[in-house]
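The values are calculated or read from the model by the stated rules, or taken from the named source; none is laboratory data. What you are looking at is a predicted structure, and each value in this text was computed from that prediction instead of being measured. Cβ sites come from the backbone with ideal geometry, for glycine too, and all protein chains shown count toward neighbours.
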Amino acid sequence: MEIRKVRFEDMQHVYELAEKYLREDYTFDLFLKLWNFSPDGFLVAIEKEKIIGFIIGVKTGIDSLRILMLAVDEKCRRKGIGSALLKRLQFNFPEIRKIYLETRVDNIEAIQFYKKHGFKIVERARDFYTDGGEAYIMEKILF
């Protein structure tokens, strides 16, 4: 498996993964904007020349990073792909002291994944998602 920065030719595959596995309705244009805004934070996992996962993180301050999206193909889960994407994202931003994200309160798999990686729930956000769903805000302090 290879982890690398997203290229323009990857964008359609990334968008399709997001449409399939994330419950929000994102536009293709949003992915292009995020890629331009944070190229070091937009990574893909590739296996046998196929994109099987991606992560998008953006700096929100001098030493903070927000994970906007993480998705791994359902057939490829529990093989360390999400963990590898998360580790590479952290590696790309060595100055980061705090990482935070939001995840749906009913996404038990994601909550367990992030807790395994040292994230803690710090807040509950009501009406966070466009469908009115609630989110946990989770954060990890690195040093």
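Within segment 110-134, track down each residue that is more than 25 Å from GLY80 (Cβ to Cβ) and assigned to a strand (DSSP E or B).
In the first step, residues of segment 110-134 are kept if they are more than 25 Å from GLY80 (Cβ to Cβ); the result is 122-134.
The answer is VAL122, GLU123, ARG124, ALA125.
Of all residues in segment 47-71 being surrounded by fewer than 16 Cβ atoms within 10 Å (Cβ to Cβ) and not charged (D, E, K, R), which is nearest to LEU85 (Cα to Cα)?
My answer is THR60.
Going residue by residue through segment 74-93, is there one that turns out to be part of a strand (DSSP E or B) and without any contact (Cβ under 8 Å) to a residue 60 or more places away in the chain? The answer is no, given that none of the residues of segment 74-93 is part of a strand (DSSP E or B) and without any contact (Cβ under 8 Å) to a residue 60 or more places away in the chain. Restricting attention to segment 118-136, the residues that are surrounded by 15 or more Cβ atoms within 10 Å (Cβ to Cβ) and touching a residue at least 24 places away in the same chain (Cβ under 8 Å) total 4. Any residue at all in segment 64-74 that's touching a strand residue (DSSP E or B) at 6+ places or on another chain (Cβ under 6 Å) and farther than 27 Å from GLU9 by Cα? Yes. Being more than 15 Å from GLY57 (Cα to Cα), β-branched (Val, Ile, Thr) and in contact with a strand residue (DSSP E or B) (Cβ under 8 Å, 6 or more places away or on another chain) is the filter here; which residues of segment 94-128 pass it? Within segment 94-128, VAL105, ILE111, ILE121, VAL122 qualify. It is to be established whether one or more residues within segment 11-25 are in contact (Cβ under 8 Å) with a residue 12 or more places away in the chain, buried (at least 16 other Cβ atoms within 10 Å of the Cβ), among the hydrophobic types (A, V, I, L, M, F, W, C) and part of a strand (DSSP E or B). The answer is no, given that none of the residues of segment 11-25 is in contact (Cβ under 8 Å) with a residue 12 or more places away in the chain, buried (at least 16 other Cβ atoms within 10 Å of the Cβ), among the hydrophobic types (A, V, I, L, M, F, W, C) and part of a strand (DSSP E or B). Of all the listed residues (ILE99, ILE46, ILE137), the sole one being at pLDDT 95 or above, out of contact with any Asp or Glu (no Cβ under 6 Å at 6 or more places or on another chain), in a strand (DSSP E or B) and of a type in the set (Val, Ile, Thr) is ILE99.
Is it the case, given these coordinates, that ALA45 is among the small types (Gly, Ala, Ser), under 24 Å from ARG4 (Cα atoms) and in contact (Cβ under 8 Å) with a residue 24 or more places away in the chain? So ALA45 fits the description; yes. Whether a residue is of a type outside the set (Asp, Glu), touching a Lys or Arg at 6+ places or on another chain (Cβ under 6 Å) and either under 25 Å from LEU32 (Cβ atoms) or surrounded by 16 or more Cβ atoms within 10 Å (Cβ to Cβ) (or both) was assessed, and TYR100 passes this test.
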